[in-house]
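Nothing in this text is a laboratory measurement; each read-out follows from the coordinates by a stated rule. Keep in mind the model is a prediction, meaning the values are calculated, not measured. Neighbour counts are summed over all protein chains in view; Cβ atoms, including those assigned to glycine, are modelled from backbone coordinates with ideal geometry.
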């Protein structure tokens, strides 16, 4: 009996030592990461610091990180320095030709196909071949200059709506895309607006800023100084810096969400387009929504933070939206919140199901890279299915 007790004591001692070693290792790693972040924030390269700060501030999951090593006023000054500059244009500026590609389920590039839609005019917007659309959804994957981008164009704007979590309860997680797919039987969905996610745990359940769904105001708070993106009851896109409930009601808003201020990409004013370019090269996963002159709605989601796809900048997203004919467009939440769900993608494009991970089998199309599972979030822009 004494021998057995001694063995138990030795085993218990070993387990404790293992846990202590793991704990000390984690503390050491966190200290090293913090030291690195602090060195970048206070080091000699202001450009690198500003790029990384703006990158972090453009996603709900990481906007808390810069304030670990910089004061709130310092962060605000950096973000203000990247404020968009309005450029009024008659026609889209020249953009680099995109390369349409086929992609297997692992994200490997296969069979490069074509370049610009009009070889004689690289700046010409891509023509949408609606004969290739499936259920009114035109979809393609392109290899843009700095990233892989997923383009979805919905012919009928009345099908696009704001899908929300069942309840905005801060004590619970938001809604995963697979839960939305089951509940609403959606055909396509992208992540929506901003939400608090302190610590980056990926369980955002409450929006930030006013939120409309199917003609009703489903959430409002004190954060009115945000970029509002949505649609009115005539299915026209609504873009506003600073939206209140009274203003939304007067504009006939039916659906919409908010993201951080100064996130309008393109806005039509009469026969002119105002393009809001930034002095900011921060690249990341991105999600944006836009509308063409013919009313069709554009969803664009990009991969990022991988060797094959570094990510898109604010200006890259403007160029992509112009390429697909957007006359109004805004940036939604990005980073690890960026998601594109397309129910029929893998069947429609004959992807070998055996090569898919579990999230792809559920309909996730973009390459998801994060330390957690795909995020539970409070809002999506969705397209109803049959």
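Two decimals is fine: what is log10 I(q)/I(0) at q = 0.11, 0.13 Å⁻¹ for the stretch 260-386, from a Debye sum with one equal scatterer on every Cα and no solvent? Here the Debye-derived log intensity ratios amount to -0.43, -0.60. Over all pairs of different C-alpha atoms, the stretch 319-383 has a mean inverse distance whose reciprocal, the Kirkwood radius, equals 13.9 Å.
Just want the ordering: 257, 186, from fewest to most Cβ atoms lying within 10 Å of their own Cβ. Could the numbers behind the result be given before it?
Values: 257 32, 186 23.
Listing 257, 186 from fewest to most nearby Cβ atoms yields 186, 257.
Counting neighbouring beta carbons within 10 Å and listing from fewest to most, the residues 241, 194 come out as 241, 194. Using the Cβ-Cβ distance between residue 249 and residue 373 with R0 set to 41 Å, the FRET efficiency from 1/(1 + (r/R0)^6) comes to roughly 0.65. Assuming a ≥ b ≥ c are the square roots of the Cα gyration tensor eigenvalues, decide whether the stretch 208-288 counts as rounded (a/c under 1.5), prolate (otherwise, with a/b larger than b/c) or oblate. Oblate, because a/c is 1.5 or more while a/b does not exceed b/c.
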